[in-house]
Each structure stands twice: as structure tokens, then as C-alpha cells.
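The values are calculated or read from the model by the stated rules, or taken from the named source; none is laboratory data. In this text, all values refer to a predicted model and were calculated from it rather than measured experimentally. Methodologically, a virtual Cβ is constructed for each residue, glycine included, from the backbone with ideal geometry; neighbour enumeration extends over all protein chains shown. For accessibility, only protein heavy atoms count, side chains too; no ligands or nucleic acids. Shrake-Rupley method; radii C 1.70, N 1.55, O 1.52, S 1.80 Å.
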Amino acid sequence: MTEPLVLGIETSCDETGIGIVRGRTLLSNTIASSMDEHARYGGVVPEVAARAHLEALEPAIEAALAESGVTLTDLDAVAVTSGPGLAGALMVGIGAAKALAVSLGKPLYAVNHLVGHIAADILDPDAPPLEYPTVALLVSGGHTSLLLVRDLTTDIELLGETMDDAAGEAFDKVARLLGLPYPGGPEIDRAAASGDPAAIRFPRGLSRASDLAQHRYDFSFSGLKTAVARWIEQRRAAGEEVPVADVAAAFREAVVDVLVTKALAACKDHGVPRLLLGGGVIANRRLRDIALERAEAAGVTVRIPPLSLCTDNGAMIAALASELVMSGRAPSTLEFGADSTLPVTEIQVAEAEEVAS
């Protein structure tokens, strides 16, 4: 099939994402976010997220179909995120996808959320085709991973990941320390705009020579978060005002420095002059600017999907499934469930042994 029409469902966290693609052409990227419902708790509450998905799924599907000008019977396949993510939230999307696929008699593709973030890149109509191999840095609220992508549908290697907090979680926690609202990423970004990133030197996790031997491509942000907390405590204990803008700028610089340094080290070590950035934290302007600046100096080409496709969405799930269909991969069976710790090397889950004739 040259240009399959695929509907993708993404419910791994707090966004109900429904996407429809035809081949590599985006027809709809519909997102219903429950972020405001989580703001009062200062973070995502799994039960609240799952209930919000239940309420949002049907209207989101209807809106996506209307925007695309297609009907459910027109679809060639249904796709869904099987993991990683919040188990309860994933179950909602998986249940809906299975019901749709069975009732419509359409093939179902259960795919990996993280690989979906890479697939988002192929939906950019202005970008040249994705070249392999490429190094991918995925940075979001729940994940921070460095990957070597030899082929989107068959060969992805995990080079490194966070050992504790994801970068997005660190932003949320530091924002709370500074009295800034949730979600922390945009708030830290706004506060940092008027701050001096060199005002305070916060630690760069797993960046010492002794760390690099075993954790060259791994990340750690819990120590950075603790360092910020102690710095703030000391200022307050001394009766001094906390310079929110400077703390935000210095913290952001520490995170960005580690992310970009390790990503470019992976490019150099593997002889790959290509870096793809994905995930919601890529919306951070400083991260994009520093990555582009340092990559140019290192002779590395950077690819960044449209920002509307960097946060969690169903379009990237549909895009990945579309690639699987076009490469001749068999659909998934119904023998799969939510896998909150699904490894990135499992691109598709429960693939049937052969395509039914």
C-alpha cells in the first residue's frame, strides 16, 4: 500500500491525541489536553488523566475525522500507543483502538510512543527525507533518551537515558521551588529570559570523567534539582532575596548544556553527522538555539519537527504505523496491553507472524 490512511490514538500521559495521516501527509492533528486539571496538583495525576481521556476520546476522534474529510470506513488502519507511559491512561487508548479496529474490520498497529516522536519528523512537508543513520535526542516530561536510529521501522538502539528524573520533570520541580506554576518548562523559559545564565554555576549531571566511562550517554537531573534547592534554601536562610530570573536561567543552561553535549558526543562517536530533536521540551527556545549553534560548529545537521508535533500527539503514532504499513509489516494481534516501561527497541508490539491473505 503506497499511501495508507491511518488514524492514530495517543493517550500515554495527559494529552488525548488523535491524528490522521495519508502516507506521510498530515490530515489532522487533534489534541485535547487535561493539563489544566493537573495544574492544581503540580503534576500529572494518573487517575485524573485516564478519566479525562475517557471523556475526550470520542469528540476528539469526531473532530479529527471532520477536519480530514474522511470517515471511519475510509481508514486503512488504526494505530495506538502501547507504551511507555501511564498504565491507566494507555489502557483507555488501547481499549478504544481495539474496539475501532474490530468493529471496522481494520488492521491494528500497536506502536512505541518514543519511536512515534521520531516519526513526527517525517510529517514535515518542508523537510527532506529522513536520512539514516541518525542520532535522536528525545526530551519530554516523562522521558529523556538518546537513540541511534538506523531505520525507523526496524532498527533503533538505545544509547542512553535518564537515570532518575526526566528533563521535563526537573523543570517542573525547579519551577515549584521558585514559586512558579505548573507546567514548569514554559514558566522557567519566561523567567530565564531576563536572567543571567552565568550568574550561578549549577552541576552538570554525569559529566565528570569518572561518570563518562560508564554513563557517557546517560542523564541525571536529580542532583541538579537538589543543588538548586540547596542554593535557594541558603539564600532564604540568610534573609536574602532569591533572584528567580538568574536561578531559572542558570538551571536551564545546565540542563541544555548536558543534553546538547551528550547528543553531539554520540554523533561524533558513531560518525553520524545528523541529529534529530523530539519531545515537548524541544519547545524550549534556548535548547533549540544552543543545539543549532553547537551542531553547526561540529558539522552536524539538526532536524526539529514542527513544534505542534513535538508534544504528545496522535499524528506521530499514525505516521509511524503508516511507515510500518508501507514497509510491508504485518499488523498487531489483539494480544497486547498497556506496557508502561516498553523499551524503545520494541518499535511495534504483538506483530502478527504473517499478513492474513
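Considering only residues of the stretch 123-135 that are of a type in the set (A, V, I, L, M) and farther than 21 Å from residue 12 by Cα, which is least open to solvent (accessible area, probe 1.4 Å)? Walk me through how you get there before you give the answer.
Going through the stretch 123-135, the residues of a type in the set (A, V, I, L, M) turn out to be 123, 127, 130, 135.
Add one more test, that the residue is farther than 21 Å from residue 12 by Cα, and what stays is 127, 130, 135.
Values: 127: 33, 130: 25, 135: 0 Å².
Only one residue tops the list, namely 135.
Here is a check on your reading of the model: is residue 273 closer than 25 Å to residue 215 by Cβ, in contact with a helix residue (DSSP H, G or I) (Cβ under 8 Å, 6 or more places away or on another chain) and either touching a residue at least 12 places away in the same chain (Cβ under 8 Å) or surrounded by fewer than 20 Cβ atoms within 10 Å (Cβ to Cβ) (or both)? Give the derivation first.
On the way: closer than 25 Å to residue 215 by Cβ: yes; in contact with a helix residue (DSSP H, G or I) (Cβ under 8 Å, 6 or more places away or on another chain): yes; either touching a residue at least 12 places away in the same chain (Cβ under 8 Å) or surrounded by fewer than 20 Cβ atoms within 10 Å (Cβ to Cβ) (or both): yes.
Yes; evaluated as a whole, the condition is true for this residue.
Given the condition modelled with pLDDT of 95 or more, within 30 Å of residue 173 (Cβ to Cβ), in contact with a Leu (Cβ under 9 Å, 6 or more places away or on another chain) and of a type in the set (Val, Ile, Thr), answer yes or no: does some residue in the stretch 320-335 qualify?
Initial filter on the stretch 320-335 (modelled with pLDDT of 95 or more): 320-335.
Then drop every residue that is not within 30 Å of residue 173 (Cβ to Cβ), which leaves none.
Scanning the stretch 320-335, I find no residue that is modelled with pLDDT of 95 or more, within 30 Å of residue 173 (Cβ to Cβ), in contact with a Leu (Cβ under 9 Å, 6 or more places away or on another chain) and of a type in the set (Val, Ile, Thr), so the answer is no.
Of these, 340, 322, 327, which one is surrounded by fewer than 24 Cβ atoms within 10 Å (Cβ to Cβ), within 22 Å of the chain's Cα centre (by Cα) and in contact (Cβ under 8 Å) with a residue 60 or more places away in the chain? Don't jump to the end; show me each part of the working.
On the way: 322 fails: surrounded by fewer than 24 Cβ atoms within 10 Å (Cβ to Cβ); 327 fails: within 22 Å of the chain's Cα centre (by Cα).
Only one candidate qualifies: 340.
Determine which member of the set 90, 130 is under 20 Å from the mean Cα position of the chain (by Cα) and either charged (D, E, K, R) or part of a helix (DSSP H, G or I) (or both).
90
Filter the stretch 1-49 down to residues that are open to solvent by 60 Å² or more (accessible area, probe 1.4 Å) and touching a Leu at 6+ places or on another chain (Cβ under 6 Å) and give me whichever is nearest to residue 92 (Cα to Cα). Step through it out loud before you land on a result.
Just the residues of the stretch 1-49 that are open to solvent by 60 Å² or more (accessible area, probe 1.4 Å), to begin with: 1-3, 22, 24-26, 31, 33, 36-37, 40-41, 46-47.
From what's left, touching a Leu at 6+ places or on another chain (Cβ under 6 Å): 22, 26, 46.
Details: 22: 25, 26: 24, 46: 12 Å.
Result: 46.
Consider residue 322 carefully, then state whether it is more than 29 Å from residue 86 (Cβ to Cβ) and among the polar types (S, T, N, Q). Spell out how you get there, then give the answer.
On the way: more than 29 Å from residue 86 (Cβ to Cβ): no; among the polar types (S, T, N, Q): yes.
No: the conditions fail for residue 322.
I need the strands (runs of 3 or more DSSP E) fully contained in the stretch 1-46, keeping only those with at least 1 residues that are farther than 25 Å from residue 323 by Cβ. Break it down stepwise before answering.
Details: elements: 5-10, 15-22, 25-33.
Per the criteria, 25-33.
Just to be sure I understand the filter: pairs with C-beta atoms under 9 Å, separated by 6 or more residues or on different chains, first member in the stretch 65-86 and farther than 12 Å from residue 4 by Cα and at pLDDT 95 or above, second member of a type in the set (Phe, Trp, Tyr) and not in a strand (DSSP E or B). Which pairs pass?
82/336
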